[in-house]
Structures are given as structure tokens and as C-alpha cells.
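Report on one structure; see the data block that follows.
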Amino acid sequence: MRLRATQAVWIALALGLAVWWFARVGAGPEAELRGRLDRIEELLEKRGDEGALESAERARRLGDVFLPSFALDLPQAGGVSDRESLVRPFVGLRRQAETIAVDFSEVDVLIEGARARTEMTATVRGVGGERTGDSRYRVTIGWQLDDGIWRIAEAQAVEADGLF
């Protein structure tokens, strides 16, 4: 039996829809949160020279991960409570190293309905400039679903060791 072109198209569309559905629904909230953490790592990293506009754009994209009003307590950044106040410490820290590598490890995820908590160790490596060296932080992030998207409601980092 030979398939007609229209049958093949319908089968391909059905398979594509099934793959999309399983990727979207099958991933679940934990996979979505881990994906958000991967995105944060990417935004925090720096690979060489970066202009003020690029740093500000990265800060804006990082701000999109947060709720409009949040509580953020980070070493060397103090308390930050909204997206606008996130820009200054973010850009300032990026100026202090030529490259920045970030790695989240030992990630634990706890989901309770529309709220979640992630705890992890963040290792930050600064190379070149004023902040050269490795630092480790114990980070706790409180998440909240906002129109179907996980956003940070609160975060705290406690310096475990290091220079950065």
C-alpha cells in the first residue's frame, strides 16, 4: 500500500504535534525551572569585552526572569527589589572582570503548586580585572508562576568562600 501525498502530510503533522505536546507537557515544572536556571547562567556569563549597552541589555533580559517586584539579597549588591535597581549592580560587577563563568550545581527543586524553591551551589569564576578568582555561593531562589511563566519572587545568596 502506497501513501498519497496528503496522507503523508497529515501523518507528519500529527507526529509533529505529538512531539511538540510531549516536549511541552511532558517536560513538567521541574524541567521548566531547570531551563530557567540555565538561562540565568547564560545571562550572567561574560566572554570578553562588553560595552555598556550590551551589559544593560543583558541586565534587562535578566530582569525579565524576575517578577516586577521581588526581594534579592546578594553579596556586594545589597538589597535589590525591582528590575530597574537590578541594572546598576549587575553592570558594575560585569565591569570588574574580563570574563565570567557561572556554574549551578547540586540543584534541588521543590514545587508546591504555583510556587517553587530551588537551592543550589553557584560557582563564579572571574578572570582578568579586579575580580579574578573563584567564589562559591549557596543560593536559594523562591519562584512564582506568573501567567504560566516561572519568575523569581525572592533570592538570597550567601558567600561560601572565594574572592569574587
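The values are calculated or read from the model by the stated rules, or taken from the named source; none is laboratory data. Predicted model only: the values in this text are computed from it and were never measured. Heads up, the Cβs are rebuilt from the backbone with ideal geometry, glycines too, and the neighbour counts pull from every protein chain shown. Surface areas here come from the heavy atoms of the whole protein model, side chains and all, with no ligands, DNA or RNA. Shrake-Rupley method; radii C 1.70, N 1.55, O 1.52, S 1.80 Å.
I'd like the full set of residues that are open to solvent by less than 50 Å² (accessible area, probe 1.4 Å), more than 18 Å from ARG36 (Cβ to Cβ) and in a helix (DSSP H, G or I), limited to region 51-84.
SER55, ALA56
For region 128-164, give me each residue that is part of a strand (DSSP E or B), at pLDDT below 90, of a type in the set (A, V, I, L, M, F, W, C) and crowded, with 16+ Cβ neighbours inside 10 Å.
ALA157 - this is the single residue of region 128-164 that is part of a strand (DSSP E or B), at pLDDT below 90, of a type in the set (A, V, I, L, M, F, W, C) and crowded, with 16+ Cβ neighbours inside 10 Å.
Quick one: which of ARG131, ARG83, ARG136, ARG125 is without any contact (Cβ under 8 Å) to a residue 40 or more places away in the chain and in contact with a Pro (Cβ under 7 Å, 6 or more places away or on another chain)?
Only one candidate passes the filter, namely ARG83.
Within region 86-102, is there a residue that is touching a Leu at 6+ places or on another chain (Cβ under 8 Å), in a loop (DSSP other than H, G, I, E, B) and at pLDDT below 85?
Within region 86-102, not a single residue is touching a Leu at 6+ places or on another chain (Cβ under 8 Å), in a loop (DSSP other than H, G, I, E, B) and at pLDDT below 85.
Just give me the residues in region 98-127 being surrounded by 13 or more Cβ atoms within 10 Å (Cβ to Cβ), among the aliphatic types (A, V, I, L, M) and under 20 Å from the mean Cα position of the chain (by Cα), in sequence order.
The first filter runs over region 98-127 and keeps only residues surrounded by 13 or more Cβ atoms within 10 Å (Cβ to Cβ), leaving 98-104, 107, 109, 111, 115-127.
Within this subset, residues satisfying the condition of being among the aliphatic types (A, V, I, L, M) are 100-102, 107, 109, 111, 116, 120, 122, 124, 127.
Listed by number, the residues that qualify are ILE100, ALA101, VAL102, VAL107, VAL109, ILE111, ALA116, MET120, ALA122, VAL124.
Just to check your reading of the model, which residue among LEU44, LEU37 is under 13 Å from the mean Cα position of the chain (by Cα) and open to solvent by 40 Å² or more (accessible area, probe 1.4 Å)?
None of the others qualify; the one that does is LEU44.
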